[in-house]
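Handing you this structure, nothing more for now.
The values are calculated or read from the model by the stated rules, or taken from the named source; none is laboratory data. Please read all numbers here as calculations on a predicted model, not as lab measurements. Heads up, the Cβs are rebuilt from the backbone with ideal geometry, glycines too, and the neighbour counts pull from every protein chain shown. Remember, those area values only see protein heavy atoms, side chains included, never the ligands or the DNA or RNA. Shrake-Rupley method; radii C 1.70, N 1.55, O 1.52, S 1.80 Å.
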Amino acid sequence: MLPCLPLFIMKPLGTASGTSTVHRYLLNYVYLNFPQSCCLPFSDSVILFRGITRELFQRFPWIFLQLITAAISSASTVLKNLELAAVGGSDVRVKMLAAPINPSDINMIQGNYGLLPELPAVGGNEGVAQVIAVGSNVTGLKPGDWVIPANAGLGTWRTEAVFSEKALIQVPSDIPLQSAATMGVNPCTAYRMLMDFEQLQPGDSVIQNASNSGVGQAVIQIAAALGLRTINVVRDRPDIQKLSDRLKSLGAERVITEEELRRPEMKNFFKEMPQPRLALNCVGGKSSTELLRQLARGGTMVTYGGMAKQPVIASVSLLIFKDLKLRGFWLSQWKKDHSPDQFKELILTLCDLIRRGQLTAPACSQVPLQDYQSALEASMKPFISSKQILTM
């Protein structure tokens with residue numbers, strides 16, 4: 001049988017009459033694995049095309065390019081009404097309060113993330129919910145508690161859901177809603193990268209790119225709380241001074257542009273502060289190469305994203321003569337390698353920073369769930385400084 005990635009037919013959105021308990025959720029209905037599969041819009045449905053192999057594509061490229069272009073143009077998400085499952089003995093029914101749109105969510109919808117759910121799937125890997133009801137065997141949660149997903153792929157872009165108790169982690173309800181909704185991914189990633197790769201001491205410096213990202217802002221704040229100095233690289237833009245001032249208000253010591261990072265004058269930069277022993281790369285390409293050049297001997301660059309969609313290029317001389325280390329970090333893998341209790345401990349550590357005012361949520365724009373399309377579009381625009389958060 002020819003290898004293929006099955007798509008499915010999504011009928012037009014209908015009414016939900018006759019359902020006792022309904023909720024709305026965002027459902028991804030195009031899942032492309034170019035060029036092994038393709039779909040063609042037809043009427044109000046999506047019709048399946050199977051068996052499009054690389055050989056067929058090479059023989060009839062223009063035909064399939066048109067089909068694939070049509071498929072990509074139709075790729076979207078839809079709101080759908082479904083009936084909630086009954087609450088079993090170990091189940092917890094929750095009402096979603098807020099859920100952000102992260103780059104990893106977009107990557108998962110596009111099918112190019114390290115963890116992909118079975119389709120049809122609910123979008124959203126992060127968010128905060130309130131417990132409504134619990135099953136008879138649930139001992140760690142009660143109605144009114146706030147909870148966040150224990151792992152990615154739970155599907156948070158919905159109004160209500162029934163999950164197993166093990167799929168949720170309780171968080172304090174005395175922290176800001178936006179902080180709770182955005183705590184489970186970016187701040188966790190920032191904290192672990194600062195703690196796990198170099199034994200940094202107060203006064204040491206860290207350099208990072210994509211400093212305006214959710215992780216970048218968390219790195220700035222957590223590093224400041226630990227007594228670390230940060231060098232924060234951002235893309236040049238018309239409002240660069242405004243962005244620089246905002247990042248410095250979070251605790252950034254220096255904010256520079258990608259262009260400034262490449263200038264020869266950077267060698268004088270470290271007369272006033274130590275060379276960094278840790279670099280955090282979310283971009284790749286030339287930006288990551290420049291980060292490597294600034295590292296102290298024996299330093300480490302940790303890659304946790306690839307916004308430029310370009311490979312990390314490391315100079316042979318830097319690896320040999322400066323003994324630099326290249327590492328990667330993925331929070332989902334960290335969770336697999338550590339116990340649920342260790343993740344809970346990490347969450348409580350971040351909650352303490354939030355309570356002390358040392359860690360705040362990134363700048364956010366709250367968008368009602370029914371306006372999800374505009375939120376998705378805004379989240380993919382360049383130079384957007386505000387994270388889109390869906391509210392239910």
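If residue 335 satisfies all but one of (1) more than 29 Å from residue 249 (Cα to Cα); (2) surrounded by fewer than 17 Cβ atoms within 10 Å (Cβ to Cβ); (3) among the basic types (Lys, Arg), what's the number of the condition it fails?
For residue 335, the failing item is (2).
Select, from 177, 168, the only residue that is of a type in the set (A, V, I, L, M) and closer than 24 Å to residue 356 by Cβ.
Values: 168 fails: closer than 24 Å to residue 356 by Cβ.
Going through 177, 168 in turn, just one is of a type in the set (A, V, I, L, M) and closer than 24 Å to residue 356 by Cβ: 177.
Sticking with this structure for a sec: Regarding the range 141-153, can at least one residue be identified that is among the basic types (Lys, Arg), open to solvent by 30 Å² or more (accessible area, probe 1.4 Å) and over 26 Å from residue 104 (Cα atoms)? Full working, then the answer.
If we filter the range 141-153 for residues that are among the basic types (Lys, Arg), which is where we start, we get 142.
Right, trim to open to solvent by 30 Å² or more (accessible area, probe 1.4 Å) and you get 142.
Those left that are additionally over 26 Å from residue 104 (Cα atoms): 142.
Among the residues of the range 141-153, at least one is among the basic types (Lys, Arg), open to solvent by 30 Å² or more (accessible area, probe 1.4 Å) and over 26 Å from residue 104 (Cα atoms), which makes the answer yes.
Now a separate question. Given the criterion open to solvent by 70 Å² or more (accessible area, probe 1.4 Å) and of a type outside the set (D, E, K, R), identify the matching residue among 342, 358. Show your work before the answer.
On the way: 358 fails: open to solvent by 70 Å² or more (accessible area, probe 1.4 Å).
Answer to the selection: 342.
Can you say whether residue 178 is of a type in the set (S, T, N, Q), open to solvent by less than 70 Å² (accessible area, probe 1.4 Å), in contact with a Gly (Cβ under 8 Å, 6 or more places away or on another chain) and in a helix (DSSP H, G or I), as far as the supplied structure shows?
Spelling it out, it is not the case that residue 178 is of a type in the set (S, T, N, Q), open to solvent by less than 70 Å² (accessible area, probe 1.4 Å), in contact with a Gly (Cβ under 8 Å, 6 or more places away or on another chain) and in a helix (DSSP H, G or I).
Next up: Restricting attention to the range 372-386, which residues are in contact (Cβ under 8 Å) with a residue 12 or more places away in the chain, more than 16 Å from the chain's Cα centre (by Cα) and farther than 23 Å from residue 242 by Cβ?
If the condition is that a residue be in contact (Cβ under 8 Å) with a residue 12 or more places away in the chain, more than 16 Å from the chain's Cα centre (by Cα) and farther than 23 Å from residue 242 by Cβ, then 372, 373 are the ones that fit.
Tell me which residues, restricted to the range 162-192, are of a type in the set (Val, Ile, Thr) and more than 26 Å from residue 139 (Cβ to Cβ).
Here is the first cut: in the range 162-192, the residues of a type in the set (Val, Ile, Thr) are 162, 169, 171, 175, 182, 185, 189.
Correct list: 182, 185, 189.
Output yes when any residue across the range 381-388 is of a type in the set (Ser, Thr, Tyr) and assigned to a helix (DSSP H, G or I), and no when none is.
If we filter the range 381-388 for residues that are of a type in the set (Ser, Thr, Tyr), which is where we start, we get 385-386.
Filter again for assigned to a helix (DSSP H, G or I), leaving none.
There is no residue in the range 381-388 that is of a type in the set (Ser, Thr, Tyr) and assigned to a helix (DSSP H, G or I).
If you check 256, 220, 231, which single one turns out to be open to solvent by less than 20 Å² (accessible area, probe 1.4 Å) and touching a Lys or Arg at 6+ places or on another chain (Cβ under 6 Å)? Steps first, answer last, please.
Working: 256 fails: touching a Lys or Arg at 6+ places or on another chain (Cβ under 6 Å); 220 fails: touching a Lys or Arg at 6+ places or on another chain (Cβ under 6 Å).
Going through 256, 220, 231 in turn, the sole match is 231.
Taking the conditions exactly as written (over 30 Å from residue 258 (Cβ atoms) and aromatic (Phe, Trp, Tyr)), does residue 163 satisfy them or not? Explain how you work it out, then say what you get.
Details: over 30 Å from residue 258 (Cβ atoms): yes; aromatic (Phe, Trp, Tyr): yes.
So residue 163 passes the test.
Against the condition out of contact with any strand residue (DSSP E or B) (no Cβ under 8 Å at 6 or more places or on another chain), modelled with pLDDT under 95 and assigned to a helix (DSSP H, G or I), how does residue 266 come out, does it pass?
Working: out of contact with any strand residue (DSSP E or B) (no Cβ under 8 Å at 6 or more places or on another chain): yes; modelled with pLDDT under 95: yes; assigned to a helix (DSSP H, G or I): yes.
So residue 266 fits the description; yes.
Confirm whether residue 242 is open to solvent by 40 Å² or more (accessible area, probe 1.4 Å), in a helix (DSSP H, G or I), touching a residue at least 24 places away in the same chain (Cβ under 8 Å) and within 24 Å of residue 359 (Cα to Cα). Before you say what the answer is, go through the steps one by one.
On the way: open to solvent by 40 Å² or more (accessible area, probe 1.4 Å): yes; in a helix (DSSP H, G or I): yes; touching a residue at least 24 places away in the same chain (Cβ under 8 Å): no; within 24 Å of residue 359 (Cα to Cα): yes.
Spelling it out, it is not the case that residue 242 is open to solvent by 40 Å² or more (accessible area, probe 1.4 Å), in a helix (DSSP H, G or I), touching a residue at least 24 places away in the same chain (Cβ under 8 Å) and within 24 Å of residue 359 (Cα to Cα).
Could you grab me the full set of residues in the range 181-201 that are of a type in the set (Phe, Trp, Tyr) and in a helix (DSSP H, G or I)?
Within the range 181-201, the first condition is being of a type in the set (Phe, Trp, Tyr), and the residues that meet it are 191, 197.
Selection gives 191 alone.
Here's a check for you: in the range 74-121, which residue that is part of a strand (DSSP E or B) and of a type in the set (Val, Ile, Thr) is surrounded by the fewest Cβ atoms within 10 Å (Cβ to Cβ)?
Initially, the range 74-121 is screened for residues part of a strand (DSSP E or B), giving 77-83, 91-100, 121.
Next, only the ones that are of a type in the set (Val, Ile, Thr) stay: 77-78, 92, 94.
Details: 77: 18, 78: 16, 92: 27, 94: 28.
Among residues in the range 74-121 that are part of a strand (DSSP E or B) and of a type in the set (Val, Ile, Thr), the one surrounded by the fewest Cβ atoms within 10 Å (Cβ to Cβ) is 78.
Check residue 207 against each of (1) within 17 Å of residue 325 (Cβ to Cβ); (2) open to solvent by less than 10 Å² (accessible area, probe 1.4 Å); (3) under 20 Å from the mean Cα position of the chain (by Cα) and name the one condition it does not meet.
(3)
If you take the residues in the range 269-312 that are assigned to a strand (DSSP E or B) and without any contact (Cβ under 8 Å) to a residue 60 or more places away in the chain, which one is nearest to the chain's Cα centre (by Cα)? Write out each step before concluding.
Let us first name the residues in the range 269-312 that are assigned to a strand (DSSP E or B), namely 278-281, 284, 300-303, 310-312.
Pick out the ones that are also without any contact (Cβ under 8 Å) to a residue 60 or more places away in the chain and you get 284, 301, 303, 310-312.
Numbers: 284: 16, 301: 20, 303: 14, 310: 18, 311: 20, 312: 20 Å.
Filtering the range 269-312 for residues that are assigned to a strand (DSSP E or B) and without any contact (Cβ under 8 Å) to a residue 60 or more places away in the chain, the one nearest to the chain's Cα centre (by Cα) comes out as 303.
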